[in-house]
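Read through the structure below, which is laid out as structure tokens, and then see the notes.
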Amino acid sequence: MPRALISVSDKRGILPFAQGLVNLGWDIISTGGTHAALKAGGVPVQPVDKITGFPEILDGRVKTLHPAIHAGLLARRDMAEHTAALKNHGITPIDLLAVNLYPFRETVAKPQVSFEDAIENIDVGGPAMLRSAAKNHESVIVVVDPTDYGRVLDLLRRGEVPRAVRQEFAAKVFSHTADYDGAIARYLTPREDGMPHRIGWSFERLMSLRYGENPTQRAALYVDEEPRGLRDLKQRQGKELSFNNILDLDAAMWTASLWQNVPACAIIKHTTPCGIAIAGTAEDAFKKALSSDPQSAFGGVVAFNTVVDRVTAVAITSLFIEVVVAPSFHDEALSVFAAKPNLRAVELPVVRATAGLDFKRVRGGMLLQDRLVFEPAEAEWKYPTTRRPTEAELVDLRFAWAAVAAVKSNAVLLAKNETTIGIGAGQMSRVDSSFLAVHKARQQGHDPRGAVMASDAFFPFADGVDEAAAAGVTAIIQPGGSVRDAEVIAAADKHGMAMVMTGRRQFRH
């Protein structure tokens, strides 16, 4: 009878997988919580300590680190001396290992996690078993990814798991354990020491793409072990996603996630917004965001931080859109989209950025930085001008400060009624961004008088403030910190404008 050892922290799909193995005549052994879960689910299972003859000790730190386990995993079936050694010591081979590791990354992502809790979530026995099984993958099927359970059962029902698949699973194990160890190394590196001395990230190919930014470039989407992210992408309808689609939908969903308790909509072109708005409903948020710049929105990506219903879907289909991305869609919305079979409808969880490391590729290396996490930090705001913002202006300033975080630098944004009405992005000078934001507003029929302006970094000169005042902008929010802050504040006072200095820059290169 073939034997499987199952020990998982992530118990998704484990009951049907184990029961499927039993139905195929497999013997199941397991540890601690997994043993309890399988037994409660009616799966016949033996505890590991019955196999090892040694109890779990040290609060479960030692349970599988035993020759009866590792010899069962490492013994080569094609070597007579290995088979004889197992027989001499009364060890039964283990033919399948299904293991995933203690949730270290998820644990350390918690805001108030203690060092002791983090350390206790460093798995020792799991990686050891995985490496043993992966080394001996010609004899042992090793499964680290719960999404592979169905595939394994299907292959076993047909007879055997081919060597090529076993090797694929082994490669996945070593990538997984390398990424796991890298996460631990990053956590243990003291922040005062700066960035880690060595970085190892492991990525798994999720999908191949037709081409990259241009047809001459090969491309694929790879995902890491982030608990929530593009790994959870689910396409509900439409053409195959392109490289540029994925870049844009990721930027769009990041933008929409800046608001949590109110429906938000972001329309993205070339990874930067051409319209952002919040409202009482998804439909109203879309219509407001579209009003920002309907000309640029043509062929864009639309993202929501809330479910898309039928009326919102009807509004969306009035315009040519490449991708709609949201945490979920009502069935009635998908029925509306079905009339446009090329429209890509994608579900992606709304996940606000949390503390972590981020990188950008450069030739021969990479740049590493702390991930940008948007924090309003309103308690830190300063009001340096003679006139303070009105309550109505503050509402729009709060919105604008969040929205400008999604725009490429140099970024200047005009907002009115919690809607962008003009965006100046990626310009070489900030006054040009100010001019462009005003120009885009007027081009689309928006009156900038009474609007507020947000800038992702300080105004190096007063000319950007003068440009805003000439257009009728009444309040500005910006980080401050320029050597010419006094001149900038004086210009705002001269025009009777209110100004907020947040003390935080929000560059996006």
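Bear in mind these aren't lab numbers, they're just calculated from the coordinates by the rules spelled out. In this text, all values refer to a predicted model and were calculated from it rather than measured experimentally. Virtual Cβ from ideal backbone geometry, glycine too; neighbours counted across all protein chains shown.
Please list, short to long, the whole-number percent of alpha-carbon pairs of the stretch 440-486 in consecutive 5 angstrom bins beginning at zero.
Reading the bins upward from 0: 5, 21, 28, 23, 14, 6, 2, 0.
Once percent of Cα pairs over 36 Å apart is worked out from the coordinates, which option in (1) 43; (2) 29; (3) 46 does it equal?
(3)
Dipole of the chain, Cα-centred, from +1 at each Lys and Arg C-beta and -1 at each Asp and Glu C-beta, to the nearest 20 debye?
Magnitude of the dipole: close to 960 debye.
Are there GluC sites (Glu not before Pro) in the stretch 147-253 that DSSP marks as loop and that have at most 16 other Cβ atoms within 10 Å, and which are they?
Numbers: sites: Glu160, Glu168, Glu192, Glu204, Glu213, Glu225, Glu240; in loops: Glu160, Glu213, Glu225, Glu240.
In loop regions of the stretch 147-253 (DSSP not H, G, I, E or B), the sparsely surrounded GluC sites (Glu not before Pro) are Glu160, Glu213, Glu240.
Is the shape of the stretch 82-228 best called rounded, prolate or oblate, per the rule: a/c under 1.5 gives rounded, else a/b larger than b/c gives prolate, else oblate, with a ≥ b ≥ c the square roots of the Cα gyration tensor eigenvalues? Walk me through the numbers on the way to the answer.
On the way: a/c = 2.30, a/b = 1.21, b/c = 1.91.
Because a/c hits 1.5 or more and a/b fails to exceed b/c, the stretch 82-228 counts as oblate.
Roughly how tilted is helix 430-443, in degrees to the nearest 10 and between 0 and 90, from the longest Cα axis of the chain?
The two axes meet at around 80 degrees.
Just to be sure I understand: of the beta bridges DSSP finds with both ends in the chain, what percent are antiparallel, rounded to 5? Intermediate values should be presented prior to the final figure.
Numbers: 35 of 66 bridges.
Expressed as a percentage, antiparallel bridges in the chain total about 55.
I want the antiparallel fraction of DSSP beta bridges within the stretch 378-501, as a percent rounded to 5.
DSSP beta bridges in the stretch 378-501 are roughly 55 percent antiparallel.
For the stretch 224-263, with only Lys/Arg (+1) and Asp/Glu (-1) charged at the beta-carbon, what is the dipole magnitude about the Cα centre, in debye rounded to 20?
So the dipole magnitude of the stretch 224-263 works out to roughly 240 debye.
For the stretch 240-326, build the charge dipole from Cβ charges (+1 Lys, Arg; -1 Asp, Glu) around the Cα centre, then report which of Phe320, Gly299, Phe286 sits farthest towards its positive end.
Phe286
Whole-Å semi-axes of the stretch 89-167's equivalent ellipsoid, largest first, each the root of 5 times a Cα gyration tensor eigenvalue?
31, 16, 9
Among the lysines, which have Cα under 24 Å from the Cα of Lys269 when same-chain residues fewer than 8 positions away are ignored?
Straight-line reach from Lys269, under 24 Å: Lys234, Lys239, Lys287, Lys288, Lys340, Lys360, Lys408, Lys416, Lys440.
Counting only DSSP beta bridges with both residues in the stretch 261-387, what percent are antiparallel, rounded to the nearest 5?
Here the share of antiparallel DSSP bridges comes out near 65 percent.
Counting only Cα, what are the radius of gyration and maximum Cα-Cα distance Dmax of the stretch 3-193, in Å?
Cα radius of gyration and Dmax of the stretch 3-193 are 17.0, 56 Å respectively.
For the stretch 231-347, what number results from the quotient of the Cα radius of gyration and 2.2 N^0.38 Å? Walk me through the numbers before you get to the answer.
On the way: Rg = 12.2 Å, N = 117, 2.2 N^0.38 = 13.4 Å.
So the Cα radius of gyration is 0.91 times the expected 2.2 N^0.38 Å.
If we count other beta carbons within 10 Å of each Cβ, what is the order of Met497, Met1, Met207, fewest first? Could you put the intermediate results ahead of the total?
Working: Met497 23, Met1 7, Met207 15.
Going from sparsest to densest Cβ surroundings: Met1, Met207, Met497.
Once label points are set 7 Å from the Cα along Cα→Cβ at both His197 and Arg352, what is their separation, rounded to one decimal in nm?
According to this spin-label approximation, the distance is 3.7 nm.
Size of the stretch 378-501 along its principal axes in angstrom, Cα-based, largest extent first?
33, 31, 25
Given a Förster distance of 41 angstrom, what is the FRET efficiency for Val165 paired with His509, based on the Cβ-Cβ distance and rounded to 0.05?
Details: r = 42 Å, r/R0 = 1.02.
Rounded to the nearest 0.05, the efficiency is 0.45.
Within the set of other residues whose C-beta is less than 12 Å from the C-beta of Arg352, count the net charge using Lys and Arg as +1 and Asp and Glu as -1. It would help to have the intermediate numbers written out before the result.
Details: positive: Arg228, Arg371; negative: Glu375.
Charge balance in the 12 Å sphere: +1.
Starting from the 7 Å offset along Cα-to-Cβ, what nm value, one decimal, do you get for the label separation of Ala379 and Leu155?
In this crude label model, Ala379 to Leu155 measures out at 5.4 nm.
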